[in-house]
Amino acid sequence: MRILHIQIPEFYLTIERDRRNVAEESDVAIHFPESPGFVVTCSSSALEAGVRHRLPLEKARAIRPGCIFIPADFQLYAQISEQLNMRIREQYPFTEQLDFYEWFCDLSDEDDEADPFQPLLLSRLCDRYPFRPAFSVSTNKFLAKLGNETGRSFEGGQADAQLRDVPIDHFWGIPKKWIAALRLMGAETIGDVGRLDPEALEQKFPRVGRRLLQLGLGEDDHEVSPFAKPSRLSLAATLRPTGSGGMPVKFLTEMAEALSGKLVKGGHSGFALRLEISAGGRTWSQRYRFLLPTVRASSILVGATSMFKKIHALLPPDEAFQVTLSVDDIVYDRDRYQMHGAPRTDLEVMEE
């Protein structure tokens, strides 16, 4: 395989600086547009000052009062991302989108001499906004993305040796707590993981131990997947009135974070949320559709919060209620290349 990884650093920041005529050297932080406000991303200078991802907005303002704080416009970002996605697919049809600003392209059927960083593609990615795309090519997805993460070039046949001096913090795609656990097993570099005892890895990570070992050796047999199979995930819980009548932000945040990491992320064009709340023999239901290529906790929280606000006022006071939050992928049909998924609908009320 020949896999191209494309990534656009500072995707959100570049868009906002350009549309608002903000100087590149200015401190900028983009924040979640609704309550609870928190930082989505920020410029490197703000990061050095202590502003960071998911930091509450009030704390970020206190740390860097001179920073320019901009509410995120996810609808605009989705539109721009979709335009870029179409342009990449025109040149490399077998493309998998990971995020607004990240893609894998399978070049296995391309001319071996073809330059993956063709000026035409570069110009089409940067014709409206001054993006600075990063490109990396290798024999599999893991090494191609790792090349952009580290600024290095990894070859399949030499990856085992090359990974021995790559810090384990660059081991993308796994939770930080796994990295901490691997460190306790003696792995300080990605290459060290490939030399761990296979049985010990299997015991520590029962379902993924073998795959971690393969990645540590620079081996990855996962193919580029332009199209995903529809998947659905639901969580349900019972809430009891607190007396304050306020929105259960912590509860919705926990549900959003639990759902975000569990869905298929390769190839879908967005996702549909469904919130159902039952109380007193009645059920209120609403759906909300996002055309976003990646299921993020922040996006789920946007939809869940918006829907909960509309339903909460209708609930009987001082009565416990059942909350069910579901996420469905919106996917492309592989043959017809059309989008399928539940549309956004108005509030539905059902009585038992």
Fully extended contour minus Cα-Cα distance, from Gln79 to Glu257, at 0.36 nm per residue: 61.7 nm
Simple spin-label estimate for Val208 and Glu58 in nanometres, 7 Å along Cα-Cβ: 3.5 nm
Charge context of Arg20, other residues only, Cβ under 14 angstrom, K/R +1, D/E -1: -3
Neighbourhood charge, 13 Å Cβ-Cβ cut-off, centred on Phe251 and excluding it, Lys, Arg +1 and Asp, Glu -1: 0
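If you average over every viewing direction, what projected area does the convex hull of the Cα atoms of segment 1-138 give, in nm²? Kindly include the intermediate steps, with their values, before the conclusion.
Values: hull surface 36.2 nm².
With every direction weighted equally, the projected area is 9.0 nm².
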Cut-off under 5 Å, modelled amide H: who pairs with Trp172 long-range: none
Interchain or long-range residues, amide H under 5 Å from Phe38's placed H: Phe32, Leu57
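Only the coordinates and a few stated rules stand behind these numbers; no lab work does. Remember, predicted model here, so these are calculated numbers, not experimental data. Glycine gets a Cβ as well: all are built from the backbone with ideal geometry, and neighbour counts include every protein chain shown.
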